[in-house]
Amino acid sequence: MNNNPVRASNGPIAFQVEKGKSYFWCSCGKSTNQPFCDASHDGTRFYPFENAKLFDTAIKTFGGIDIAINTTGMVIKKPIVDVTEEDYDAMFEVNAKAAFFFMQEAGKKLNERGKICTIVSSLLAAYTDSYAIYPGSKAPIEHYTRAASKEFGDKGISVTAVGPGPMDTPFFYGQETDASAQYNKSAAALGQFSKTGLTDIEDIAPLILFLVTEGWWITGQTIFANGGYTTR
């Protein structure tokens with residue numbers, strides 16, 4: 001088992017300000033036309049003003065924000081007895097605190113009828129070892145999503161979260177052994193019909209697109225999209 005923490009980039013965070021056209025921003029302030037930031041993000045310290053700057057920059061540049069998607073994440077795979085206080089603090093800083101203040105800023109600054117979506121994890125429903133603080137630090141987002149959907153409803157803003165299964169990306173492989181990766185590739189009921197047995201990005205993106213467009217009536221919900229990897 002690889003016990004090293006794996007940090008995803010601070011983004012992508014996507015803002016759609018015109019129908020049919022999306023702009024991707026990372027909280028480092030970098031704009032890109034692809035949903036991944038290639039800048040290096042080695043730190044785990046989160047500062048709420050970064051979100052404010054991110055939203056303000058998008059509004060200044062494009063005149064408004066209709067959609068805000070937060071995919072920030074950090075993962076550590078360790079048995080509970082091996083988790084340090086530093087591990088715990090870093091995970092909740094990135095996965096829970098950053099998500100909360102992103103959602104807060106979105107609630108303040110999105111246009112009416114806006115949409116907010118946060119990427120969580122299907123491990124929220126998994127019965128497995130060594131993954132206490134990763135899904136544990138993602139779990140608060142489910143409640144943030146429910147609360148925000150209620151509070152932001154007066155502005156017509158819908159709020160959702162999506163929990164993919166293990167995905168065929170470096171974020172997954174960084175903490176898995178060959179044996180555990182192979183197990184995950186065989187765990188989903190529909191896995192034999194995906195490219196590698198894992199969740200494909202192509203299976204997640206249409207769901208998110210639906211939730212932030214025609215699926216606006218869905219709000220306050222966390223939706224698992226994992227081919228039957230976990231259910232709840």
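The values are calculated or read from the model by the stated rules, or taken from the named source; none is laboratory data. Not measured: the values here are computed from a predicted model. Don't worry about glycine lacking a Cβ; one is built from the backbone with ideal geometry, like all the others, and counts go over all protein chains shown.
Rundown of residues vs (1) more than 21 Å from Glu214 (Cα to Cα); (2) at pLDDT below 95; (3) surrounded by 17 or more Cβ atoms within 10 Å (Cβ to Cβ), yes/no style:
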site	(1), (2), (3)
Ile80	yes, no, no
Gly107	no, no, yes
Asp129	yes, yes, no
Ile141	yes, no, yes
Asp154	no, no, no
Please identify the pairs in which a residue from the range 170-196 that is over 18 Å from Gly227 (Cβ atoms) has its Cβ atom under 8 Å from the Cβ atom of a residue that is buried (at least 17 other Cβ atoms within 10 Å of the Cβ) and of a type in the set (Lys, Arg), counting only partners at least 6 apart or on another chain.
Gln175/Lys77
Candidate set from the range 64-98 (those that are of a type outside the set (Ser, Thr, Tyr) and in a loop (DSSP other than H, G, I, E, B)); member that is farthest from Glu142 (Cα to Cα):
Gly64
Take the conditions outside any loop (DSSP other than H, G, I, E, B), at pLDDT 95 or above and under 23 Å from Val94 (Cβ atoms) and apply them to Ala205. Does it pass?
no
Would you pick out the residues in the range 121-151 that are outside any helix (DSSP H, G or I) and under 13 Å from Phe100 (Cα atoms)?
Ala139
Ser180 fails exactly one of the following numbered conditions: (1) polar (S, T, N, Q); (2) surrounded by 20 or more Cβ atoms within 10 Å (Cβ to Cβ); (3) outside any loop (DSSP other than H, G, I, E, B). What is the number of that condition?
(2)
Which pairs do you get when a residue that is within 13 Å of Thr72 (Cβ to Cβ) and in contact (Cβ under 8 Å) with a residue 24 or more places away in the chain, found in the range 82-98, comes within reach of a residue that is basic (Lys, Arg) and surrounded by 17 or more Cβ atoms within 10 Å (Cβ to Cβ), reach meaning Cβ atoms under 8 angstrom, with the pair 6+ apart or on two chains?
Val94/Arg7; Asn95/Lys138; Ala96/Lys138
Across the range 102-120, the tally of residues that are among the β-branched types (Val, Ile, Thr) and under 15 Å from Trp216 (Cβ atoms) stands at 1
Give just the number: which of (1) surrounded by 23 or more Cβ atoms within 10 Å (Cβ to Cβ); (2) out of contact with any strand residue (DSSP E or B) (no Cβ under 9 Å at 6 or more places or on another chain) does Ala98 not satisfy?
(2)
